[in-house]
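**Q** The structure that follows is given in the form of structure tokens.
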Amino acid sequence: MTRSDLVEELAASFGQLTHRDAEFAVKAILEAMNEALVRGHRIEIRGFGSFSINHRPPRIGRNPRSGESVAVPEKRVPHFKPGKALRQAVDLRTVELENKRKA
């Protein structure tokens, strides 16, 4: 699902929202989440999952083409951990889809 798919789904689910309002809502939520992660905060959405920042220390990598050693700097990367409800829902839906395909 892309951002535009999410906007379409939101606009279709809530008839009082125009496409422009749905787009604004999605953009505002994603920007707020982005800002929170940049500030180092953790985001927890009950029933969905949590977003946090993982720290990757500097390391020595290898250029696959030349085999040369390359210094890879430290970095902070976003990390998503799905919640229990999301994991169970995905598992249940996956099993249901597999059973439908077999039938």
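**Q** Regarding the range 59-77, can at least one residue be identified that is in a strand (DSSP E or B), open to solvent by 100 Å² or more (accessible area, probe 1.4 Å), without any contact (Cβ under 8 Å) to a residue 40 or more places away in the chain and of a type in the set (A, V, I, L, M, F, W, C)?
**A** Residues of the range 59-77 that are in a strand (DSSP E or B), as a first pass: 59-62, 69-72, 75-77.
Still in the running and open to solvent by 100 Å² or more (accessible area, probe 1.4 Å): 59-60, 62, 76.
Next, from what is left, pick out any that are without any contact (Cβ under 8 Å) to a residue 40 or more places away in the chain: 59-60, 62, 76.
Then keep just the ones that are of a type in the set (A, V, I, L, M, F, W, C); that gives 60.
The answer is yes, given that some residue of the range 59-77 is in a strand (DSSP E or B), open to solvent by 100 Å² or more (accessible area, probe 1.4 Å), without any contact (Cβ under 8 Å) to a residue 40 or more places away in the chain and of a type in the set (A, V, I, L, M, F, W, C).
**Q** Any idea how many residues of the range 78-102 are open to solvent by 70 Å² or more (accessible area, probe 1.4 Å) and in contact with a strand residue (DSSP E or B) (Cβ under 8 Å, 6 or more places away or on another chain)? Before you say what the answer is, go through the steps one by one.
**A** Start the filter on the range 78-102 by keeping residues that are open to solvent by 70 Å² or more (accessible area, probe 1.4 Å), which leaves 78-81, 84, 87-88, 90-93, 96-102.
From the residues that got through so far, the ones that are in contact with a strand residue (DSSP E or B) (Cβ under 8 Å, 6 or more places away or on another chain) too are 78-81, 90.
The qualifying residues number 5.
**Q** Evaluate the following for residue 48: is it within 22 Å of the chain's Cα centre (by Cα) and open to solvent by less than 80 Å² (accessible area, probe 1.4 Å)? Even if it seems obvious, please write down each step before you answer.
**A** On the way: within 22 Å of the chain's Cα centre (by Cα): yes; open to solvent by less than 80 Å² (accessible area, probe 1.4 Å): no.
When the stated conditions are applied, residue 48 does not pass them.
**Q** So, in the range 1-44, how many residues would count as being open to solvent by 70 Å² or more (accessible area, probe 1.4 Å), within 20 Å of residue 81 (Cβ to Cβ) and under 14 Å from the mean Cα position of the chain (by Cα)?
**A** The qualifying residues number 6.
The values are calculated or read from the model by the stated rules, or taken from the named source; none is laboratory data. Just so we're clear, the structure is a prediction, and the values are computed from it rather than from any experiment. Quick reminder, even Gly has a Cβ in these numbers, built from the backbone with ideal geometry, and neighbours come from all protein chains shown. To get the accessible areas, we keep the full protein, side chains included, count just its heavy atoms, and leave off ligands, DNA and RNA. Shrake-Rupley method; radii C 1.70, N 1.55, O 1.52, S 1.80 Å.
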